[in-house]
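The values are calculated or read from the model by the stated rules, or taken from the named source; none is laboratory data. Predicted model only: the values in this text are computed from it and were never measured. We place every Cβ from the backbone using ideal geometry, glycine too, and count neighbours over all the protein chains shown. Side chains included, ligands, DNA and RNA excluded: accessible areas come from the protein's heavy atoms. Shrake-Rupley method; radii C 1.70, N 1.55, O 1.52, S 1.80 Å.
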Amino acid sequence: MTVRNDRAGFAAHERACRERGARPEHADDLFLAWSVAQGDAVALRRFDELVRPDIEAAARRLDRDPAFLDEVRQALRVRLLVAPEGGRPRIADYAGRGPLRAWVGVAALRVALNLKRAAAPAGDDLLAELVTREPDPELRHLKKVYRAEFREALEAALAALPERDRVILRLSFVEGMRLAQIGRLYQVHESTASRWVKQAVDAVAAEARRRLVARLSLSPETLDSVSRMVMSNLDLSIARILG
């Protein structure tokens, strides 16, 4: 009997997922993930085609090197599709509460962040890589000199945010959720979710800048450079800290 003919098996899985909050509009995604978990080769090919753009987007947020993309793709494949001894593959955990592509995108970003952390020297600051990747020599120098202060200012600025704003930034920059998905989660229009994200980022930038100015003795010329330093790669800085 093929997976597609195992209607009873999928029906039981679907019932269990409905109890966990599965939404009817994601029934096709649920069936695809279930079929992949059963080892269906056709479903696996379809799954690979469906989620490839989301895996690539997640990996490229941290590193655009093709070798890193391949590393993320392979590590994610092992994480989602290889069952531990006596267990089941993690793809079976997909419960249909949101789009399968978004679920895989979140997993891909976590894998990418873990790979970056594992590759960093022991005790290395999570923001250290952003210093070396900064293309502007002046900003790279400032980030190196004030790295500890910069991190502390960002951490404090994020901690000062209202809880909803901090969660929205995590969903956007760490979990990789699209604005439309965040909007659906909070039952607001995508444009409102976009405005919330921008306002939260602007608030973090302003508070981090204020804290740096208060702590450091800066000339007017350096003050402008510090403002640009705060804004440079701010989304990745937020992702590293919140992640």
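The table that follows gives values for the structure above.
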{"item": "E49 - accessible surface, heavy atoms, 1.4 Å probe, Å² rounded to 10", "result": "110 Å²"}
{"item": "Pairwise label distance in nanometres, R52 with E149, each label 7 Å out on the Cα-Cβ vector", "result": "4.8 nm"}
{"item": "Integer Hz, Karplus 6.51/-1.76/1.60 couplings in order for segment 186-203, x for Gly and Pro", "result": "9, 6, 10, 5, 3, 5, 5, 4, 4, 5, 4, 4, 4, 4, 5, 5, 4, 5"}
{"item": "Peptides ranked, highest mean first, by Cβ atoms within 10 Å: ranges 22-32, 182-192", "result": "22-32, 182-192"}
{"item": "Farthest toward positive dipole pole in segment 56-98 [+1 Lys/Arg, -1 Asp/Glu at C-beta], among G87, G98, A67", "result": "G98"}
{"item": "Share of carbon and sulfur in the accessible heavy-atom surface of segment 20-66 [1.4 Å probe, %]", "result": "49 percent"}
{"item": "Simple spin-label estimate for D70 and D6 in nanometres, 7 Å along Cα-Cβ", "result": "3.3 nm"}
{"item": "Rounded to whole Hz, the Karplus (6.51, -1.76, 1.60) HN-Hα couplings of segment 153-159, x for glycine and proline", "result": "5, 5, 4, 5, 5, 5, 5"}
